[in-house]
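J.: Below is one structure. I have some questions about it.
The values are calculated or read from the model by the stated rules, or taken from the named source; none is laboratory data. Keep in mind the model is a prediction, meaning the values are calculated, not measured. Virtual Cβ from ideal backbone geometry, glycine too; neighbours counted across all protein chains shown.
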């Protein structure tokens, strides 16, 4: 069974990477189009990636709390970061969303070309002070444009079962812009660990919390509240991987 799953995992990456090259090539011709159209076209690859994950690698997902997603205002998503899976998922389910990410990702052929069209907030981590100013300024601008902002407050992928340091940048954007924070917990790292090729079949649980108002709050206490909520939700989740 392990050998078969390795084969499925490799096949998944062939499909995932092959279609990524295709959409990355298409992205070269999308620059003149308005942002909503570019976003809609490129999200078809995200949907394909989730489809390949489900039907090729055997990774499904279950969402709890979809009704908590605000429909009348932009917001800041603060999401647990365990894997690559959630970077694909969140861009679909919280669209349109601008993601805070490393500037170096935009230099990756094909993948970076498409990513650059999604109005990301790209930062240079070697210049932390400049990065913080850019995150805050551009994040507030995105909110004012009606685009949600996606932040992985741990900054980097943290293995399943571990907790990283939650940075305050995302909460600060929400406090300044006067919009709610939407906390998101999941256990995708159990099925799609990084940097392993092997994918473990199972069902990822995603829990979307109730929007947290930011009026009268500061970024420190808000970030701590989100951290406690996310980590508590993850502890209560059923195992994502199959046991039969």
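J.: Just give me the residues in the range 179-202 being part of a strand (DSSP E or B) and either closer than 25 Å to residue 228 by Cβ or at pLDDT below 95 (or both), in sequence order. Before you say what the answer is, go through the steps one by one.
T.: Taking the range 179-202 and keeping what is part of a strand (DSSP E or B), we get 181-186, 202.
181, 182, 183, 184, 185, 186 - these are the residues of the range 179-202 that are part of a strand (DSSP E or B) and either closer than 25 Å to residue 228 by Cβ or at pLDDT below 95 (or both).
J.: Let me ask another. Scan the range 50-74 residue by residue and report those that are assigned to a loop (DSSP other than H, G, I, E, B) and in contact with a helix residue (DSSP H, G or I) (Cβ under 7 Å, 6 or more places away or on another chain).
T.: Within the range 50-74, 56, 57, 58, 74 qualify.
J.: Moving on to the next point. Residue by residue through the range 141-158, note down the ones that are crowded, with 18+ Cβ neighbours inside 10 Å and part of a helix (DSSP H, G or I).
T.: 142, 143
J.: Yes or no: residue 99 closer than 25 Å to residue 25 by Cα and not in a helix (DSSP H, G or I)?
T.: Taking the combined requirement at face value, the residue satisfies it.
J.: Among the residues of the range 128-139, is there at least one that is without any contact (Cβ under 8 Å) to a residue 12 or more places away in the chain and buried (at least 18 other Cβ atoms within 10 Å of the Cβ)?
T.: Taking the range 128-139 and keeping what is without any contact (Cβ under 8 Å) to a residue 12 or more places away in the chain, we get 128-131, 133, 137.
Those left that are additionally buried (at least 18 other Cβ atoms within 10 Å of the Cβ): 131.
Yes, the range 128-139 contains at least one residue that is without any contact (Cβ under 8 Å) to a residue 12 or more places away in the chain and buried (at least 18 other Cβ atoms within 10 Å of the Cβ).
J.: Since residue 67 meets every condition but one in (1) under 30 Å from residue 168 (Cβ atoms); (2) under 16 Å from the mean Cα position of the chain (by Cα); (3) without any contact (Cβ under 8 Å) to a residue 60 or more places away in the chain, which condition does it not meet?
T.: The one condition residue 67 does not meet is (2).
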